[in-house]
Structure formats: structure tokens, C-alpha cells
Amino acid sequence: MGYNRSIRMPSRLLQALSTSVGTKFLIAFTGLCLFLFLVAHLAGNVLFIAGPGPFNDYAHGLVSNPLIYLAEAGLLAVFLVHAARAVMNWLTNQAARPDRYHVRRWARTKNPVSRKSLASTTMIVTGTLILLFVVTHLATFKFGTYYETPDGIRDLYRLQLEIFSQPAYVAYYLVSMGLVFAHLWHGLSSAAQSFGVDHPQWTPRILTLGRVLTVIIAGGFLVLPVYTFFLSRPA
Amino acid sequence: MTLNLKVWRQAGAEAPGRLVDYVARGIHPDMSFVEMLDVVNEDLIRQGQDPIAFDSDCREGICGSCGCVINGIPHGPDAGATTCQLHMRRFRDGDTIVIEPFRARAFPIVKDLVVDRSALDRIIAAGGYVSVNAGSAPEANVVPVPRAEAESAMDAAQCIQCGACVAACKNAAAHLFTAAKIAHLGRLPQGQPERYVRVVRMVEQMDEEGFGTCSNEGECEAVCPKSISIANIARMHRDYLKAALLAK
Amino acid sequence: MALDSKIPGGPIAEKWDRRKFENKLVNPANRRKFEVIVVGTGLAGASAAASLGELGYNVKAFFIHDSPRRAHSIAAQGGINAAKNYRNDGDSVYRLFYDTVKGGDYRAREANVFRLAQLSVNIIDQCVAQGVPFAREYGGLLDNRSFGGAQVSRTFYARGQTGQQLLLGAFQSLMRQVDAGTVTLFPRREMLDLVVAGGQARGIVARNLVNGELERHHGHAVLLCTGGYGTVFYLSTNAVNSNVTAAWRAHKRGAFFANPCFTQIHPTCIPVSGDHQSKLTLMSESLRNDGRVWVPKTPGDRRRPAEIPEADRDYYLERRYPSFGNLVPRDVASRAAKAVCDEGRGVGETGLSVYLDFADAIRRLGADTIRDRYGNLFDMYKRITDEDPYQVPMRIYPAVHYTMGGLWVDYNLMSTVPGLFVLGEANFSDHGANRLGASALMQGLADGYFIAPYTVANYLGGTTLPAVATTDDAFADAADAAQARITRVLQVNGRRTIRDFHRAIGAICWDYVGMARTRDGLQTAIARIRQLRDEFWQDVSVPGTPDNLNPALDYAGRVADYMEFAELLALDALRREESCGGHFREEYQTPDGEALRRDDEFSYVAAWEFQGVGRDPVLHAEPLVFEEVHPTQRSYK
Ligand SMILES: Cc1cc2nc3c(=O)[nH]c(=O)nc-3n(C[C@H](O)[C@H](O)[C@H](O)COP(=O)(O)OP(=O)(O)OC[C@H]3O[C@@H](n4cnc5c(N)ncnc54)[C@H](O)[C@@H]3O)c2cc1C
Ligand code: HEM
Ligand code: HEM
Ligand code: SF4
Ligand code: F3S
Ligand code: FES
């Protein structure tokens, strides 16, 4: 009898994406897109080590491709959706517990031990700071000083060398990459759970895999400014 | 033993509440936590004070009535145990114990440590059942159920609807509770016909009640007295997404 | 007034079909106009409310908990019987019927028991369809185990949580009806009185436990499904809020109370550890399959168990009952434990426990096998007692577990008040003087899913029910009475706590109306109960006010009712001058100490009619006729 009264299957996908479960799917999906961007971004940036030629050629290849505008627009959209949904979601969650506990401890004495960590509790903080970082990052690089190579393409190599010769920038990037590290530490495996991956053997492996990837990606980004810094000072 | 308690006292849903200090004297290590509260209440009654209101009934960890946050952890420090199964030998003479109600917007406080968890009932009413009228059932052994499926359905079905998962979750999400019921029914052949309608309706009801969303922290699983796994939450997500895709 | 059990005619196997055919029906279009009140949402109440809702009646369900699913049925562990004969081991409806009548020591109605056995098979079908995750074999079919000494395997189970899973099935069906709008829930409501208008049960007065309001609810029929009264003993395996209040107040309004002295004491419970204890925990009977029960041979032997050599141990069950040994029925095992403790041979700090020793089994089968079989029970024991049963013997002692007695009902489950039906443990019907393991769940669900829907319809369809308003005198009277009682208990303003009084009444019942009863003891009990009742009304201290959540006030009301009910319990035990099932009168035993039934004089149901507090109730005897199963003396030697 129950269902006859009101069959409420979500008629449109959009509607389904607005519930708590749908929201998390969106956050996870966009989060994973952002992660893939980071992978690609890191792969490209690693060319810095290969020297000015390959690095500048690669960067030029990217910006001169007409598809870049589409890709950038997509990336922007993904960023915005991720951030907007994450913030709205956070607000919902705050409202779900208006009165705080006077004493609250993590369930460490229990078994299984939870996945709660400093990273998981600060997702909104690290996320927001990452957003601010990206704005400054774009100002520094994308809209930064335009040097030209003798070949007439943009000399990003020089820009990066200049920027990271300044200890303050290096420090700022190190801290920011720490934020990325924290965000992904919880975020990657969490996304798997949001997609509904559950398997007695694979779930623990995914948890580990997420952390390994985090170390690789955030680690890679950590290394670059440091590497550039030392490169910029003649030995 | 003598213990120093800080207990949340709140006269009613709208009344302001605060932590009040009590000294619990003559506590025996073999007492359960709720028996300790009984003793404190006996003393309060003798002194003409209002005893501390708390829920409990079976006192053996199955009815799901009891539950408070003990030193910051729902149901206290023991794994796989409810408040009524926590024994005072877990504490030491002179310890201070802070006792608060389960807090969530969807669990309004009725009085002191008693909260209204009827939101969880309404989630069940939204679809946590198999539609079968009395008398219409086929012979029980007509549909075999693989033993492993029956066992994992049973794992999920053990939920006692205590609400500790909500209390522990930083988002006050009822995901573990809801997912447990969805997994219990969704794993059995009997639950298949309504599998996708069920998940959609239950998730929508969960949202309507004002619970939060899941950040996959697993605190719920850790405090769950029946150790229900958050794998069930992943399963609920999957079923929900399938339901969304299947929708016309 | 002569009791009419309304048993249909014809051969026993056809009685229920015949009754269903004779029954009046209610036109589906009219069902909505009938309001049916269901009090209690345990197995009996939840299944009845759901089924009546499915049929289209306008159902109102009341319960003292915050959720219907918290009813004490949730705690049942062992399993539920059904005559499916899946094991091909010779079970049948007839055998289940026979075992139940015999197990009840020939104090149950044959026709009722037969119907119960017939319906048992439908219950399993129903529950499986609802998604109850019963244990399965590797082939995917349902598993069974043998339980409580039965010679066939007919017990269905869901780990050690059968009651929980069955109740969830019923609860979920109930919530489905709530969603469909046929059932309205009234949580945290305590029924305080039955409204009888024009000789018919027409409603209840319930107290809203959150705001204290006394509410008047109209119904064309009222179903009481409020469980047993085991907590009159204070300590029992029942949940602490279990009570006799609803049944007792109905009794005061004219419903007869039957066989209150038939109470069951379970032999394998975790012993009392001190005064602070508020309830006792049952451990599955299955432990007796491998554990050996013993006490030291000499009274006062305070050595630790490991230091007591074989020669100084008395395996008293094996000694006294060589063929059944540790597996004798519940009542026999319980009494034997009491006897050795009375001799001063009990063990533990209090001297009120006996050993249940797994050392031999561990040696024979290995600790792993024992862990497989009883791991969770051992864990539970350790959690409560802080002793490791793999290392030291468990200690056990009997505890009150179930009450066979209850409000008298006819074959249609209707009490002596027309329109008042009583289901589940709250009625007296099917278990006679002793209930077999795994049969209470079966009875509750049979009553709710498969009997009440027919018999309630018959009543509603075949009875003239004049209009009654909640403003009528009958309602006002009941509400005033309930209010007066609340005011009175709050006004005493004495010095002793309610728990104090509950402990005291429990101690009297346990000492004199417990496992072994004597004429003198019962007379003493009645005198003491009366005295304690007077003290209660002079010296009880109930804190707080009646206008908000006040668990102490609720508790006071329940204990006040026990102060009256306990007297009936003792009186019934006094008048039943025989031993049968859970009722053991020391005067009536065989030369070797076994229960001596006196069929020629006591083969009847004792239904008591209330005459006023402190006034002797009137006994109405419903003779029991055995056409199928002929009473014999039980023997477990
Ligand atoms: C520890 C334990 C283990 C058991 N194991 C088994 C087993 O393995 N197999 C078996 O067959 N049986 C077993 N039994 C017995 C069986 O569980 C019960 O007899 C049966 O569940 C009773 O069901 P019920 O529906 O009659 O009542 P209950 O489940 O007790 O429900 C009573 C209902 O009435 C309500 N109520 C009570 N008073 C009032 C009032 N005044 N106003 C309003 N509502 C009220 C309550 O809220 C509750 O909803 C066990 C019992 C115990 C205690
Ligand atoms: C490169 C940038 C980013 C990446 C790779 C990224 C990645 C992720 C991933 C994978 C998740 C896990 C999703 C899940 O739990 O299902 C996540 C969650 C989250 N992200 Fe980001 N994110 C990024 C930027 C941001 C930004 C800019 C914000 C801004 C506010 C943000 C806020 C959040 C929050 C709050 C969550 C947690 C949501 C929850 O669990 O409730 N993230 N992110
Ligand atoms: C050490 C770390 C990093 C270095 C050296 C670096 C370097 C650069 C450079 C040189 C560009 C300019 C590319 C161009 O304009 O064509 C760029 C663009 C960009 N970077 Fe980074 N980056 C780093 C980390 C990050 C991180 C962690 C993020 C995201 C969270 C990020 C997000 C972006 C974005 C969004 C763009 C713009 C891409 C576009 O619009 O095409 N970067 N980065
Ligand atoms: S999932 Fe666990 S914690 Fe949550 S309500 Fe169920 S039993 Fe309690
Ligand atoms: S703690 Fe909360 S965040 Fe999810 S995994 Fe459990 S519901
Ligand atoms: S009182 Fe029943 S679970 Fe604690």
C-alpha cells in the first residue's frame, strides 16, 4: 500500500543529485576531475626539470590549442561546482547539529578505528584555502609577467625560476601543497565511498591507494618549488 | 568507587540546558552505567531533587533505548557495547565523567539525556520494509537464499536503532542507520522488487528529517554497538545512483 | 458468571477452519469506520496492528517506548518453533501440539494449542517474505536447531537475535501501514485505564509520558498486547519497564485474570552480583548441551573451583537424573539449583549460584569448537562478570523469565469484557503451566497475524456498537480514576524510594512465590504484601511533577499496581494445591521430589474476578478437557 500513495522516484537526474547522497556524488565526481587535472598538471610541470626548451614548448602547445578555452571553461565549472556544493553541504551539516558537545572525543578506543583524521575534519578549511591559493596562483603564473623566449613564445621557465628564487614564495607553496596533501589524504578514498565502491578486499586497498596517490601527487608538487629554488641559486 | 559526574540537565525541549556536577558514591565496579545512574537518582530522590531522566529498558544491549555521550564518545569507550553494557569497572575511583545527550537537530531533547529519535522511525516508514500483507506469503523454502547473503543481510539487520551513529557523526548524519536497513533488505531476494524505490524514498526522508550528509569518516561504525560496517553506506550510495539512472 | 471458552465443535484439526467460516466479516468499505486500539507493539501488538491496518481498519497503536520496535520481544534470543518438518525427522503439526500440551503439564486448552501448531508454519512463511534473515544452510534453505530438549529440530533462528529479527519484521510491516495512513502511532503513552461503556470495551485512557496529559482514545475494540508481569519479582530477565499495569487496570474493569501463579524460571542466567542489580541476563539454554553443572559436596566449601578435586564435586543433575542429566527441563533444573544452594552448597560471593563447567568439553572438543558454538555467549558472560569462562567455570542461577498466566481469553482471544482482546504474553492461553522454549514468539505472532484479524472482525461485524463519545461518563470516570491515582501517589511524600518498594515486593515474591512454594510461605507472603502495600501508600517518595517527562512517576504507578497484583499471584499459588509446570508446591511432590500434579481436582484454568483491593477475588474455574493428549506424569529420570 505504502508506495501507491506516492511513488517518488526522482524524475530527473538533477533532482537526484540534490539529495545528500547525490550531493556527495557530485562533490566526489568533481573532486576526482580536479584530481585528474592535478595529475596532468604535475606531469606537465615535471618537464621543468628537463629544461627551458621542453617546458616552454609544452606550455605553448597547451595555450595555442584552441580546445584550451573549452578545457579551461570546463575546469572552472568543475572548480565552482565542487566548491559551491562543498560549501552548501558544509552549511547543511552545520545545521544538522546546532548544539555542540561540550566534550567530544574521537572514537579511538573503539574497534574498528574510524577514518576520522585531522584531514577529514578540516576538509572545508583546506578546500577554501586551496581556492584562495588557486586565485593567487593564477595571478602569479597565468596572469604573471609575460617574458618571451627568443623563439617568440612565452618563457614560463624564466617566470617560474624567478618566482621560486624567492624563499617567501617557496614557503607559501610548501604550505599550500600541504593543504592539497591534507585534502586528498581524506578526499581520494572518500570519493570511492561516495561512488559506492565497497568490496571486502578492495575497500581497504582503495584506502591505501588513495593515500599513496596523495603522497605522490602532493609530494611531486612539493618537490618542484624546492627544486627550482636550489636551481635558481648558482652553486 | 566515587565518581564525579557532569551531567547535562535540561528541563524540556525549549529550556536552556547546562552541565551539572554530581558526586556518585558507593559505585560498585560490577554495575552497569545505567545502574550507576540509578544509584545517583536514588540519592537525588532522597534529597528531594529531580532525578536525571534517561532512557533504558532491556539493559542487555538489544532494545536500543539507552544511549548517551560518555566522556565525548557515544555509548562510552567500550567497542561493540551500548551504554547499558558498559560496566563501571571501566572507570577508576575519582574519575570525572561527562554525560551528555545524543545531539542532533533531528533528535530534539525531550529532557536531560532523553532525546526524541522518532525521525529514525519515519525513515523506516518511508520504505524500510517489504510490502507483504499477512497471509499472502509463499512457502518459506520456495526461494533459497545463499548463506553468505543471508549472513551479510543479518549483519546489517542487527542495528538496534539507538542513534549513536548520528550522535558520533560530525554531520549528525543518519547514513549508517539508513544504509543498514537498505542493505538488510537489499541483499535478500525478498527485498528486490522494491530495492530502488526504497533507497530513494529512505534517502529523501533522511534529508527531510534534517540529518546531515556523510563525509565518510566512519565514526559511526566505530561507536556502533553492533559494529555495522560503513560498507553498507557505500552500498546505499551505489543503489541510490543506480536508482537515479534507472529513473525515467 | 460461567466462562464460555467458545471452542468450536468438530474434530480438533478442523476447529479453526470452522471458526473462520462461522465468523462474521466486515465489508472492506466499512472497515475504515472502525477504530481499533492496539496497546503494545511487541510481536503480538505490532503484528496485530499491521495486519488490521492492511485489512483497512483505522488502527491506533500505543506503547510506552519511543519507538514501537523497543518492545521487549526484541530481547528474545533462542528461536521460534514451527512444525515445518524440514528436517524430515518426524515433526508434524500434531507433534508440536502434543509437545506443547505435555510441556505445559496439561494445563492448557487443547483447541488453542492445536491452532497454534497449525499456524506456526504460516508464521515462518510470513516472516521470510518480510525479509527476516533466518539462519540458512549452505544450499540456501532454512536451518533448524533443536531447542529446549525437543526431540525434533523445529526451531528457526536468526543468530542469537531471533526475537529482534521477528519484531523488526512486524515493526516494518507496521511502519508500512503508518506510511499508508491506516495506523497512527502513539509513542510514549501508557495505558492507565480501560473504558467500558455499555458493558463493552470502548476505549482507553492513556498518559502522554512526555507532557503528562491524560488522553482519552475511543475504539470499537481494544487489543491488549502488553507483555508479561515478570518484573513483579523485581529481578527478572524482562526489560525494566515491563509491567502489569495495562492488564491489571483492565482486570479491575472486569477482565478475569487467569493462572497468575504460572511463572517460568529459567535455569541459566547470570547470577546476581549485588544489591545494585536492576535486571538479570539470560544465557541461552544451549549452554547446557556441553556444560556440566556442579557444586561442592560439602556446604561452605570456599575453595576456588580449580582447587576442588573431582571427588569433592557433586554433579547433581547427572546424579539425580541419569538419563537426561544436564538437559532436564527448565523447571527441574531451576529447582535443583535452588535446592543445592539452600543446602549451603552454592558458590560465588553470595552463595547463590552453581557452576556450569566447560572444562571437560574444552578438553574433549578443543577451545576452538567451544568458541564456535558459544563464543558470543562467553563474551557476553565475560563482559558482565569480568570472568573468563574458558578459564574458570561459569556461574549460573535461575531467574524469572516468562509468565504463562495472564488475562483470561476465550478461543477468540477475547477477555471477559466484550470487545477487549488480549494477545501475546499478556493473555494466559497456550502454554499451560510451563512454556516450551521458542514457543512464546510463535504464540505472539500467531495471535497477531493470523487470529486477531479474524476474531476482531467477527466481533466488529457481529456486534451492535452504539455511538460513544470521549466526553461520555465512561471516559470521564476512567480519566478521573487515573488522575486520582497519580495525584495520590504524588501526595504521599514519604521517605522511601520507589525502587526500594519494588525491591521489597520482589523479594517477597521471590522468597515465597518463587521456585518452591508452601502453604505457610504463601500465607506469609499475602500478609507481607498487604503490609507493604500500606507502607507504600504511606511512605513512598515520588519526585517531580505530573506535567512533564517523569520516569519516576511512571515507575511509581507500575510498582503500585504490583503491590495489588502480587497478592493475586500469591493467592492463586495458594489455592492451587498441586505442583505442575512452573508452579511447585512443596507439599505436593513425589517421594523423590518431583512435581505431583492433581488432575482430578486441579485440571482447570483459574480465572479470577476482581472484587476490590484487599478483598478476595472470586475464582471461576474453566475445566480443561483432554480429548487428544492424555495426561501422564512427567519423568526425566
Ligand atoms: C530474555 C528473554 C529471552 C526470550 N527468548 C525467547 C525465545 O528464544 N523464544 C521464545 O519463543 N520466547 C522467548 N522469550 C519470551 C518472548 O520474548 C516474550 O514472551 C514475547 O516476546 C512477548 O511478546 P508480547 O508481544 O506479548 O509483549 P512485549 O514484547 O513484551 O511487548 C509489550 C508491549 O506493550 C507495551 N506496553 C506495556 N505496558 C504498557 C502500557 N501500560 N501502556 C502502553 N503500552 C504498554 C510496550 O511498550 C510493548 O510495546 C524470551 C523472553 C525474554 C525476557
Ligand atoms: C584541486 C582542488 C581540489 C581537489 C582535487 C579536491 C578533491 C576533493 C575530493 C576527491 C573530495 C572527496 C569527495 C568525497 O568525499 O566524496 C573532496 C571533498 C571536499 N572538497 Fe575538495 N577538492 C579540491 C578543491 C576544493 C575546494 C576549492 C573546496 C572549497 C571550498 C573544496 C572543498 C571540499 C570539501 C568541503 C569536501 C568534503 C565534502 C564532504 O565530505 O562533506 N575542495 N575534494
Ligand atoms: C608547485 C606547484 C605548481 C606549479 C609550479 C604550478 C605551475 C603552474 C604554471 C607555470 C601555470 C601556468 C600555465 C599557463 O598559464 O599556461 C599554472 C597554471 C595553473 N595551475 Fe599550477 N602549479 C602548481 C600547482 C598548482 C596546484 C596545486 C593547483 C590547483 C590546486 C594549480 C592549478 C593551476 C591552474 C588551475 C592553472 C591554470 C590552468 C589554465 O588555465 O590553463 N597549480 N600552474
Ligand atoms: S547503525 Fe549502529 S549506531 Fe546506528 S542506530 Fe544502528 S545500531 Fe545504533
Ligand atoms: S560518521 Fe558520519 S561522515 Fe559518514 S561515515 Fe559515518 S555518517
Ligand atoms: S537498555 Fe536496551 S540497549 Fe541499553
> For the cross-link pairs C:Lys20/C:Lys102; C:Lys297/C:Lys338; A:Lys110/C:Lys382, which exceed 23 Å when the distance is taken from alpha carbon to alpha carbon?
Replying inline: C:Lys20/C:Lys102
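Can you give the FRET efficiency to the nearest 0.05 for C:Ser323 and C:Asn376, using r as the Cβ-Cβ distance and R₀ = 25 Å?
Result of the calculation: an efficiency of 0.25.
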> To one decimal place, what orientation-averaged projected area in nm² is obtained for the convex hull of the Cα set of the stretch B:26-159?
Replying inline: 11.9 nm²
> Is there a simple number for the mean count of other chain Cβ atoms within 10 Å of the Cβ of residues in C:238-249, and what is it?
Replying inline: 2
>> List the residues, sorted by chain then number, that are 5 or more residues from C:Gln264 or on another chain and whose placed amide H is less than 5 Å from its amide H.
In response: C:His401, C:Tyr402, C:Thr403, C:Met404
> Using modelled backbone amide H atoms (1.01 Å from N, in-plane), which distant-in-sequence or interchain residues come within less than 5 Å of B:Val110's amide H?
Replying inline: B:Val115, B:Asp116
> In straight Cα distance, which lysines are under 18 Å from A:Lys116, not counting same-chain residues fewer than 8 positions off?
Replying inline: A:Lys24, B:Lys170
> Residue by residue through the stretch B:19-25, which ³J(HN,Hα) values in whole Hz follow from phi under the Karplus form 6.51 cos²θ - 1.76 cosθ + 1.60 (θ = phi - 60°), with glycine and proline marked x?
Replying inline: 7, 10, 7, 9, 10, 9, 10
>> Spelling out what I want: for every residue of the stretch C:592-599, take phi, set θ = phi - 60°, compute 6.51 cos²θ - 1.76 cosθ + 1.60 (Karplus), and round to whole Hz; glycine and proline get x.
In response: 9, x, 9, 4, 10, 7, 10, 4
> If you place +1 on the Cβ of every Lys and Arg and -1 on the Cβ of every Asp and Glu, how big does the dipole about the Cα centre of the stretch C:460-573 come out, in debye to the nearest 20?
Replying inline: 520 debye
>> I want to verify the translational diffusion coefficient of chain A in µm²/s; compute it with Stokes-Einstein, Rh as the Kirkwood radius over Cα pairs, at 25 °C and 0.890 mPa s.
In response: 120 µm²/s
> Among bridges DSSP assigns within the protein assembly as shown, what percent are antiparallel (round to 5)?
Replying inline: 70 percent
> Using the per-residue mean of other Cβ atoms lying within 10 Å as a proxy for protection, in what order, highest first, do the peptides C:193-199, A:120-126 fall?
Replying inline: C:193-199, A:120-126
> Three principal axis extents, largest first, for the C-alpha atoms of chain C, in Å?
Replying inline: 76, 62, 48
> Which is farthest toward the positive dipole end of chain B among B:Asn141, B:Ile228, B:Val34, measuring Cα position about the Cα centre, with Cβ charges +1 (Lys, Arg) and -1 (Asp, Glu)?
Replying inline: B:Asn141
> With each label point set 7 Å from Cα along the Cα-Cβ vector, what nm distance links A:Val134 and B:Ala13?
Replying inline: 4.2 nm
> How big is Rg to Rh over the stretch C:98-175, alpha-carbon atoms, Rh as the Kirkwood inverse-mean-distance radius?
Replying inline: 1.01
> Say R0 is 60 Å: what FRET efficiency, to the nearest 0.05, do C:Arg32 and A:Asp99 get from their beta-carbon distance?
Replying inline: 0.90
>> What are the ³J(HN,Hα) couplings of the stretch A:212-221, residue after residue, when phi is run through the Karplus curve with 6.51, -1.76, 1.60 and θ = phi - 60°? Round to Hz, x for glycine and proline.
In response: 5, 4, 4, 4, 5, 5, 5, x, x, 5
> To the nearest 10 square angstrom, what accessible area does C:Arg319 show with a 1.4 Å probe?
Replying inline: 140 Å²
> If you count, for every residue in B:185-192, the Cβ atoms of partner chains within 10 Å of its Cβ, what is the mean?
Replying inline: 3
>> Between helix C:330-342 and chain C, what is the angle of the helix's C-alpha long axis to the longest principal axis, kept within 0 to 90° and rounded to the nearest 10?
In response: 60 degrees
> Mind checking the mean number of beta-carbon atoms from other chains within 10 Å of the Cβ atoms in C:183-192?
Replying inline: 1
> To one decimal place, what orientation-averaged projected area in nm² is obtained for the convex hull of the Cα set of the stretch C:425-557?
Replying inline: 12.6 nm²
> For all pairs of alpha-carbon atoms in the stretch B:112-159, what percent lies in each bin of width 10 Å, listed from the first bin to the last filled one?
Replying inline: 17, 33, 34, 11, 4, 0
> Could you list, bin by bin from short to long, the percent of Cα-Cα pairs of the stretch A:105-185 in 10 Å steps?
Replying inline: 16, 33, 24, 15, 8, 3, 1
> Are any of the pairs C:Lys33/C:Lys60; B:Lys111/C:Lys60; B:Lys181/C:Lys60 more than 19 Å apart by Cα-Cα distance, and if so, which?
Replying inline: B:Lys111/C:Lys60; B:Lys181/C:Lys60
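State the Kirkwood hydrodynamic radius of the stretch B:134-200 in Å, one decimal place, computed from all pairs of distinct Cα atoms.
Working: mean 1/r = 0.0746 Å⁻¹.
By the Kirkwood definition, the hydrodynamic radius is 13.4 Å.
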> Taking a label point 7 Å from the Cα of C:Lys24 along the Cα→Cβ vector, which residues of the stretch C:195-215 have an amide N closer than 11 Å to it?
Replying inline: none
> In the stretch C:595-634, what chymotrypsin sites (Phe, Trp or Tyr not before Pro) fall in a loop by DSSP, with at most 16 other Cβ atoms inside 10 Å?
Replying inline: C:Phe626
> So how much accessible area does C:Tyr234 have, in Å² to the nearest 10, using a 1.4 Å probe?
Replying inline: 20 Å²
>> Can I get the semi-axes of chain B's equivalent ellipsoid? Compute them from the C-alpha gyration tensor as square roots of 5 times the eigenvalues, in angstrom, largest first.
In response: 38, 19, 16
> Which value in Å is the Kirkwood Rh of the stretch C:143-266 over different Cα pairs?
Replying inline: 17.6 Å
> What are the residues whose amide H is under 5 Å from the amide H of B:Asp95, where those residues sit 5 or more places off or on another chain and H is modelled from the backbone?
Replying inline: B:Asn4
> With charges set only on the Cβ (+1 for Lys and Arg, -1 for Asp and Glu), what does the dipole of the stretch C:292-359 come to about its Cα centre, in debye to the nearest 20?
Replying inline: 120 debye
>> Restricting everything to alpha-carbon atoms, can you work out Rg to Rh for the protein assembly as shown with a Kirkwood hydrodynamic radius?
In response: 1.04
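In debye, nearest 20: dipole of the stretch B:44-118 around its Cα centre with unit charges on the Cβ of K, R (+) and D, E (-)?
Dipole about the Cα centre, nearest 20: 80 debye.
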>> Quick check: pseudo-label points 7 Å beyond the Cα along Cα→Cβ at A:Val87 and C:Val613, how many nm apart are they?
In response: 6.7 nm
> Taking a spot 7 Å from the Cα of A:Ser165 along the direction of its beta carbon, which residues of the stretch A:121-157 have an amide N less than 14 Å from it?
Replying inline: A:157
> Binning every alpha carbon pair distance of the stretch B:112-248 at 5 Å from zero, what are the percents per bin?
Replying inline: 2, 10, 20, 23, 20, 13, 7, 3, 1, 0, 0
> With labels modelled as points extended 7 Å from the Cα through the Cβ direction, what inter-label distance (nm, one decimal) is found for A:Leu75 paired with C:Gln523?
Replying inline: 10.0 nm
>> Using square roots of five times the C-alpha gyration tensor eigenvalues, list the equivalent-ellipsoid semi-axes of the stretch C:444-517 in whole Å, biggest first.
In response: 38, 27, 9
>> Sort C:Arg517, C:Arg395, C:Arg495 by heavy-atom solvent-accessible area, probe 1.4 angstrom, most to least.
In response: C:Arg495, C:Arg395, C:Arg517
> For the stretch C:345-385, what size does the Cα cloud have along each of its three principal axes, sorted from largest down, in whole Å?
Replying inline: 32, 22, 10
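The values are calculated or read from the model by the stated rules, or taken from the named source; none is laboratory data. Everything numeric in this text was worked out from a predicted model, so none of it was measured. Every residue, glycine as well, gets a Cβ built from its backbone with ideal geometry; the counts of neighbours run over all protein chains shown. Calculation scope for accessible area: heavy atoms of the full protein, side chains included, ligands and nucleic acids excluded. Shrake-Rupley method; radii C 1.70, N 1.55, O 1.52, S 1.80 Å.
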